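**Student:** Okay, handing you the structure first.
The values are calculated or read from the model by the stated rules, or taken from the named source; none is laboratory data. Remember, predicted model here, so these are calculated numbers, not experimental data. Note: ideal-geometry Cβ built from the backbone for every residue, glycine included; neighbour counts use all protein chains shown.
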Amino acid sequence: MEGPQGASSAADGVDDRRHIVISTVTAAVLHTVGEPLEFEAIAIDHPGAFEVLVRVERVGLCHSDLHYIRGLLDIGTPAILGHEVAGIVETVGAGVTRMNVGDRVVATVTPACGMCRQCLRGRPTQCQRVDLVRLRPRPKHHRMDGSVVGALGGLGAFAQAILVTESSLAVVDKTVPPEVACLFGCCVSTGVGAVVHGAAVRPHDTVAVIGCGGVGIAAIQGARLAGARRIIAIDSEPRKLVVAKRFGATDAVLAGKSPEAAVSAVHQIESGGVDHAIEAVGRTETAELAFGCLAPAGAATILGLMPTGSSLRIPAEDLVYGDRTVRGAYMGANRFLSDVAMFTDHYRGGRLDLDAMVTRVIDFADINDGFAAMSDPDNVRTVVNMTGGV
Ligand SMILES: [Zn+2]
Ligand SMILES: [Zn+2]
């Protein structure tokens, strides 16, 4: 693999187009945790081998992005956040074979090598060589003063273009509109993936979904798709429970006063507890609540990214005597390249209602207002239209 010496050859005047910055785009950059994103011109490198330059069409606002802005998750600054993205292939580097210029693509934060032990066992989100897959001889993004800017998940989608490894991208049929396609990259792959791949829900199962934001609503739809006989939505906001029922929840529990009250309400609805509890919030209390909802032999599947350093407290006797399971499902344990085809067919067949999940489309210039409005209980997903100016 080309090392840092390769980059210096360009400075020495070697004519190598891979070393020429070809794109200057506007990006919304996180400079200071807790402060709004700032628009600035960013230079993006030319695609190297197995890389693709994608002109961004739409990008969804995810709570994980908000957690980085607020400092609940760590990222070095300056950084370009944004990871739920659809766009059009603009340029491909050497060796790219799965897509052509003009294709609509969606991206994942979990590219995979396809060759390591985890990939070969069907767990591409746990690829052991992901750092190698993302490795390139020099940074992708520079500010106009030449300093380097980081990119969340190797994507950095709050920009008019992204430069990514081919293995981060799946081609999506152009009949899927970009504001829907971008959801495949995070909330749909995480929520539906968790039900299909993580929890492996079946028609005789009962499911509780904790948190009815974008990921939770996708999990509810996934549980409906998997044929779960009962789907209990849990949220602390009554209006979100109304929304959850529209997407397939059969029952609703308002998580108000205490986690114990919510657990007891779930056990009243489904005597003895549920077979699966899906946690889509990202708090230790809700993860422990998920475990408390379980019937014997039930499994809690935890999706939410919790603040760095968090620990869970699980009653050991309930775990062991009750044969219960707690598992993580990072990004829903999705299998992105084949899942995109699954999502597309279920969307086109009317079995995944993704149009209704896009509750707001805003202009790039209004991205900070979009984050501020994420707490609106009627908001499922805000999608940013990146094709206009700022
Ligand atoms: Zn996300
Ligand atoms: Zn791998």
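**Student:** From the residues in region 258-304 that are part of a loop (DSSP other than H, G, I, E, B) and charged (D, E, K, R), which one is modelled with the lowest pLDDT?
**Tutor:** Top of the filtered list is Arg283.
**Student:** What single numbered condition from (1) under 25 Å from Val105 (Cβ atoms); (2) in a loop (DSSP other than H, G, I, E, B); (3) not hydroxyl-bearing (Ser, Thr, Tyr) fails to hold for Leu312?
**Tutor:** (1)
**Student:** Given the conditions (1) closer than 17 Å to Arg335 by Cβ; (2) within 16 Å of ligand 2 (Cβ to nearest atom); (3) more than 15 Å from the chain's Cα centre (by Cα), and given that Arg98 satisfies all but one, which numbered condition is not satisfied?
**Tutor:** (2)
**Student:** Another question, if that's okay. Taking region 113-128, which residues are more than 16 Å from ligand 1 (Cβ to nearest atom) and part of a helix (DSSP H, G or I)?
**Tutor:** Across region 113-128, the qualifying residues are Arg117, Gln118, Cys119, Leu120, Pro124, Gln126.
**Student:** Any chance region 171-194 includes a residue that's among the small types (Gly, Ala, Ser) and within 16 Å of ligand 2 (Cβ to nearest atom)?
**Tutor:** Within region 171-194, none of the residues are among the small types (Gly, Ala, Ser) and within 16 Å of ligand 2 (Cβ to nearest atom).
**Student:** Based on this model, can you work out whether Asp131 counts as within 16 Å of ligand 1 (Cβ to nearest atom), within 20 Å of the chain's Cα centre (by Cα) and part of a helix (DSSP H, G or I)?
**Tutor:** no
**Student:** Any residue in region 60-76 that is within 28 Å of Pro178 (Cα to Cα) sitting within a Cβ distance under 9 Å of a residue that is of a type in the set (Lys, Arg) and within 13 Å of ligand 1 (Cβ to nearest atom)? List the pairs, counting only those 6 or more apart or interchain.
**Tutor:** That search, which allows pairs on different chains as well, returns Gly60/Arg381; Leu61/Arg381; Cys62/Arg381.
**Student:** Right, here's the next one. Is there a residue being hydrophobic (A, V, I, L, M, F, W, C), surrounded by 23 or more Cβ atoms within 10 Å (Cβ to Cβ), within 16 Å of ligand 2 (Cβ to nearest atom) and assigned by TED's automatic domain parsing to the domain that holds Ala181 anywhere in region 110-127?
**Tutor:** Yes, region 110-127 has at least one match.
**Student:** Could you grab the pairs with beta carbons closer than 6 Å, sequence gap of 6+ or different chains, first residue in region 320-344 and touching a residue at least 40 places away in the same chain (Cβ under 8 Å), second one surrounded by fewer than 19 Cβ atoms within 10 Å (Cβ to Cβ)?
**Tutor:** Thr344/Asp173
**Student:** Something else: Which one of the conditions (1) outside the structural domain of Ala252 (by TED's automatic domain parsing); (2) in contact with a strand residue (DSSP E or B) (Cβ under 8 Å, 6 or more places away or on another chain); (3) surrounded by fewer than 20 Cβ atoms within 10 Å (Cβ to Cβ) does Val176 fail to meet, given that it meets all the rest?
**Tutor:** Every condition holds for Val176 apart from (3).
**Student:** With the checklist (1) away from ligand 1 (no atom under 16 Å from the Cβ); (2) assigned to a loop (DSSP other than H, G, I, E, B) in hand, flag the one item Ala27 doesn't pass.
**Tutor:** (2)
**Student:** Here is a follow-up. Could you please find all residues in region 45-101 being β-branched (Val, Ile, Thr) and in a loop (DSSP other than H, G, I, E, B)?
**Tutor:** If the condition is that a residue be β-branched (Val, Ile, Thr) and in a loop (DSSP other than H, G, I, E, B), then Ile75, Thr77, Val96, Thr97, Val101 are the ones that fit.
**Student:** Looking at region 152-163, is at least one residue under 18 Å from Arg98 (Cα atoms) and either buried (at least 22 other Cβ atoms within 10 Å of the Cβ) or touching a Pro at 6+ places or on another chain (Cβ under 9 Å) (or both)?
**Tutor:** Yes, that holds for at least one residue.
**Student:** Would region 376-388 turn up any residue that is free of Cβ contacts under 8 Å to residues at least 40 places away in the same chain and assigned to a helix (DSSP H, G or I)?
**Tutor:** no
**Student:** Report, by residue number, each residue of region 203-260 that is of a type in the set (S, T, N, Q) and under 17 Å from Thr301 (Cβ atoms).
**Tutor:** Matches in region 203-260: Thr206, Gln221.
**Student:** Which residue is surrounded by the most Cβ atoms within 10 Å (Cβ to Cβ), if the candidates are limited to region 67-85 and must be away from ligand 1 (no atom under 14 Å from the Cβ) and either closer than 22 Å to Ser167 by Cβ or within 16 Å of the chain's Cα centre (by Cα) (or both)?
**Tutor:** Among residues in region 67-85 that are away from ligand 1 (no atom under 14 Å from the Cβ) and either closer than 22 Å to Ser167 by Cβ or within 16 Å of the chain's Cα centre (by Cα) (or both), the one surrounded by the most Cβ atoms within 10 Å (Cβ to Cβ) is Ile80.
**Student:** Let me ask something else. Give the residues of region 55-66 that are more than 10 Å from ligand 1 (Cβ to nearest atom) and of a type outside the set (Lys, Arg), sorted by residue number.
**Tutor:** Val56, Glu57, Val59
For every residue, the table says whether it meets (1) outside the structural domain of Ala299 (by TED's automatic domain parsing); (2) touching a strand residue (DSSP E or B) at 6+ places or on another chain (Cβ under 7 Å); (3) crowded, with 23+ Cβ neighbours inside 10 Å.
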residue	(1), (2), (3)
Val215	no, no, yes
Ala228	no, yes, yes
Val242	no, no, no
Ser271	no, no, no
